[in-house]
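Q: Structure incoming, see below.
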Amino acid sequence: MVRRRENVSGCVASVAAVVRRLQAHAAHGALACGGAIVLGAEWARGGATGGAPPGWLTVEIVAMGAALLVAWREQAQLRLAPLLAITATVGLGAVLVHHVVGTPGDTDGAVYASQGSLLLDGDYPRSEYPVGAVVLFGVDALLGRESVRATHGVLMVCFHLVAVFAIWHVRSHWSAWLAALYALWPAVLYFVEMRFDVLVVALLLLGLLSAREERWIVAGALFGAATAVKWSPALACMLLITWLLVSQRPREAIRHGASFVVVFVAINIPFLVWQAGDVLAAYTKQSTRGIVAESLPYLPLRLAGLAEPGPSGQFQDPAVVPAWADATAVVVQVLLVLTVVAVVVCSRTSLDGAIAGAGLLPAVFLLTNRVFSPQFALVAFAAWTFAIALLARSRAEQLGLGTAAAVATYANAMIMPGFVASWAGWSGLYFAVSVALTGWLLTAVALRTTNRAVAGGRSAA
């Protein structure tokens with residue numbers, strides 16, 4: 001009898017030890033399970049359809065949302081190495097699954113492949129993408145040969161890991177979970193694999209991280225490299241130069257700006273000397289496009305009965321709008337960009353506020369652009385998570401703001417790659433949540449300055 005009791009007690013103790021061990025790894029275990037379900041869903045839907053059908057996408061969102069909620073409750077357990085391992089497994093696993101089952105690629109991927117091949121053949125393509133992007137396409141073609149799409153996906157997953165690393169290294173109370181949210185949220189993984197914007201995100205976030213550590217030369221160089229791929233990161237650099245000048249730090253401002261110019265020019269000059277006309281086409285071809293149906297300027301015009309979708313009815317096509325609408329959209333966009341600059345300049349006592357604002361400025365520009373592309377949501381998502389890591393004041397605020405970012409990107413993903421028929425409603429939800437979240441974060445930047453000023457006055461008194 002005594003021996004039986006000892007055996008039972010030993011079994012209970014063993015089970016309890018296993019339970020404690022599982023609880024100690026609950027965050028990583030939940031994320032791994034969520035990632036497995038995402039990969040399983042990608043395999044189950046097979047290769048018959050491109051994009052991500054809304055039903056399957058929703059399954060992935062629910063599964064990973066539950067996993068991220070568990071990770072939020074146990075976020076003190078999160079560690080960088082396991083998170084990067086899970087992220088790499090999910091990202092590379094998705095690339096492999098899509099290659100094996102023959103899932104149709106993105107139409108832009110064919111453009112990347114053709115332009116990369118043309119570059120390798122000794123001719124610079126007349127591309128709508130800047131030099132840095134065209135060089136990336138050439139690397140894809142050089143490494144990928146007959147599997148350019150798979151090679152591109154693998155490279156983009158690597159840059160995605162760099163972006164996760166940058167968010168993690170904000171090293172605030174909230175950055176670990178926000179890095180996990182950015183890393184594994186299914187609504188943006190399509191754009192990580194299929195487009196090249198994640199390269200811009202990685203360079204932009206590394207630049208913001210370097211600026212926060214006051215390594216201004218490194219930050220400027222990273223912004224210069226990012227601008228050579230897509231030019232919107234230049235806004236972050238210009239804002240920080242302005243902030244440094246207003247903060248009476250002209251030497252840092254000059255170093256930051258000079259390193260930006262040197263790197264940007266060094267990347268572009270050889271190609272300008274070679275074929276200047278084709279290189280400059282990247283900065284002129286987009287300027288002729290008008291308001292597209294899936295853009296923020298389209299929505300108020302549509303509500304007022306002044307706009308209609310194009311003849312095809314597709315969200316990516318130019319809309320039918322009044323003659324004055326394009327110019328008005330540009331003016332409003334410029335005013336909003338200047339408003340962000342004003343908010344950040346007024347926060348000259350707060351480095352974190354300036355860094356958060358610098359990250360949000362490219363997102364504000366892209367969100368308000370009259371030519372909107374769904375992959376812009378990846379840049380906005382990265383800017384939001386980085387800013388939340390800097391500005392959130394509590395776990396509840398972290399969860400609420402992170403959830404808002406997740407909802408916005410889910411609405412965007414239903415439009416593409418979900419390709420729902422009723423895209424207008426999802427577009428309205430995406431922009432409503434995006435504007436509210438961005439506005440909240442910019443208000444937090446302004447309030448941080450006000451609170452510091454009040455605290456300083458009390459100390460002096």
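Q: For region 305-328, what are the residues that are surrounded by 17 or more Cβ atoms within 10 Å (Cβ to Cβ) and β-branched (Val, Ile, Thr)?
A: Listed by number, the list holds a single entry, VAL321.
Q: On to the next question. Please enumerate the residues belonging to region 252-267 that are closer than 17 Å to SER232 by Cα and either modelled with pLDDT under 95 or of a type in the set (Val, Ile, Thr) (or both).
A: VAL261, VAL263, VAL265, ILE267
Q: Anything in region 97-122 that is in contact (Cβ under 8 Å) with a residue 24 or more places away in the chain and either over 19 Å from VAL154 (Cβ atoms) or among the hydrophobic types (A, V, I, L, M, F, W, C) (or both)? List them, or say none.
A: VAL97, VAL101, ALA113
Q: In addition: Say we look at region 152-170 and pick out the residues that are β-branched (Val, Ile, Thr) and under 10 Å from VAL198 (Cα atoms); which of these is surrounded by the most Cβ atoms within 10 Å (Cβ to Cβ)? Even if it seems obvious, please write down each step before you answer.
A: Taking region 152-170 as the starting set, the residues that turn out to be β-branched (Val, Ile, Thr) are 154, 157, 162, 164, 167, 170.
Among the residues that remain, those that are also under 10 Å from VAL198 (Cα atoms) are: 157, 162.
Values: VAL157: 22, VAL162: 16.
Selected residue: VAL157.
Q: Looking at ASP123 and the list (1) acidic (Asp, Glu); (2) under 21 Å from the mean Cα position of the chain (by Cα); (3) at pLDDT 90 or above, which single condition is not satisfied?
A: For ASP123, the failing item is (2).
Q: Next question, about the same structure. If I filter region 360-410 down to residues being part of a helix (DSSP H, G or I) and polar (S, T, N, Q), which single residue comes out as nearest to GLY109 (Cα to Cα)?
A: Step one: list which residues in region 360-410 are part of a helix (DSSP H, G or I), which gives 360-367, 376-391, 395-410.
Next cut, polar (S, T, N, Q) only: 385, 398, 403, 409.
On the way: THR385: 27, GLN398: 35, THR403: 30, THR409: 21 Å.
Filtering region 360-410 for residues that are part of a helix (DSSP H, G or I) and polar (S, T, N, Q), the one nearest to GLY109 (Cα to Cα) comes out as THR409.
Q: Scan region 236-258 and tell me whether some residue there is in contact with a Ser or Thr (Cβ under 6 Å, 6 or more places away or on another chain) and buried (at least 19 other Cβ atoms within 10 Å of the Cβ).
A: Residues of region 236-258 that are in contact with a Ser or Thr (Cβ under 6 Å, 6 or more places away or on another chain), as a first pass: none.
Looking through region 236-258, none of the residues is in contact with a Ser or Thr (Cβ under 6 Å, 6 or more places away or on another chain) and buried (at least 19 other Cβ atoms within 10 Å of the Cβ).
Q: Considering region 189-220 alone, what residues qualify as being touching a helix residue (DSSP H, G or I) at 6+ places or on another chain (Cβ under 6 Å) and more than 30 Å from VAL148 (Cα to Cα)?
A: LEU208, LEU209, SER210, ALA211, ARG212, TRP216, ILE217, VAL218, ALA219, GLY220
Q: Scan region 281-299 for residues that are surrounded by fewer than 15 Cβ atoms within 10 Å (Cβ to Cβ), among the β-branched types (Val, Ile, Thr) and either part of a helix (DSSP H, G or I) or touching a residue at least 40 places away in the same chain (Cβ under 8 Å) (or both) and jot them down. Lay out the reasoning, then the answer.
A: Quick first cut of region 281-299, residues surrounded by fewer than 15 Cβ atoms within 10 Å (Cβ to Cβ) only: 283-289.
Within this subset, residues satisfying the condition of being among the β-branched types (Val, Ile, Thr) are 284, 288.
The answer is THR288, and nothing else.
Q: Go through (1) modelled with pLDDT of 95 or more; (2) among the basic types (Lys, Arg); (3) surrounded by 17 or more Cβ atoms within 10 Å (Cβ to Cβ) one by one and return the number of the condition ARG302 breaks.
A: (1)
Q: Any idea which of (1) at pLDDT below 95; (2) out of contact with any Phe, Trp or Tyr (no Cβ under 7 Å at 6 or more places or on another chain) is the one ILE415 doesn't satisfy?
A: (2)
Q: I need the full set of residues from region 236-257 which are part of a helix (DSSP H, G or I) and out of contact with any helix residue (DSSP H, G or I) (no Cβ under 7 Å at 6 or more places or on another chain), in order please.
A: Of all residues in region 236-257, those part of a helix (DSSP H, G or I) come to 236-246, 250-257.
Those that are part of a helix (DSSP H, G or I) and out of contact with any helix residue (DSSP H, G or I) (no Cβ under 7 Å at 6 or more places or on another chain): MET238, PRO250, ARG251, ILE254.
Q: Of the numbered conditions (1) touching a residue at least 12 places away in the same chain (Cβ under 8 Å); (2) farther than 17 Å from VAL95 by Cα, GLY55 satisfies every one except a single condition; which is it?
A: Unmet for GLY55, out of (1) touching a residue at least 12 places away in the same chain (Cβ under 8 Å); (2) farther than 17 Å from VAL95 by Cα: (1).
The values are calculated or read from the model by the stated rules, or taken from the named source; none is laboratory data. Quick caveat, the model's predicted, so the values are computed rather than measured. Because the Cβ atoms are built from the backbone with ideal geometry, glycine has one as well, and the counts that use them run over all protein chains shown.
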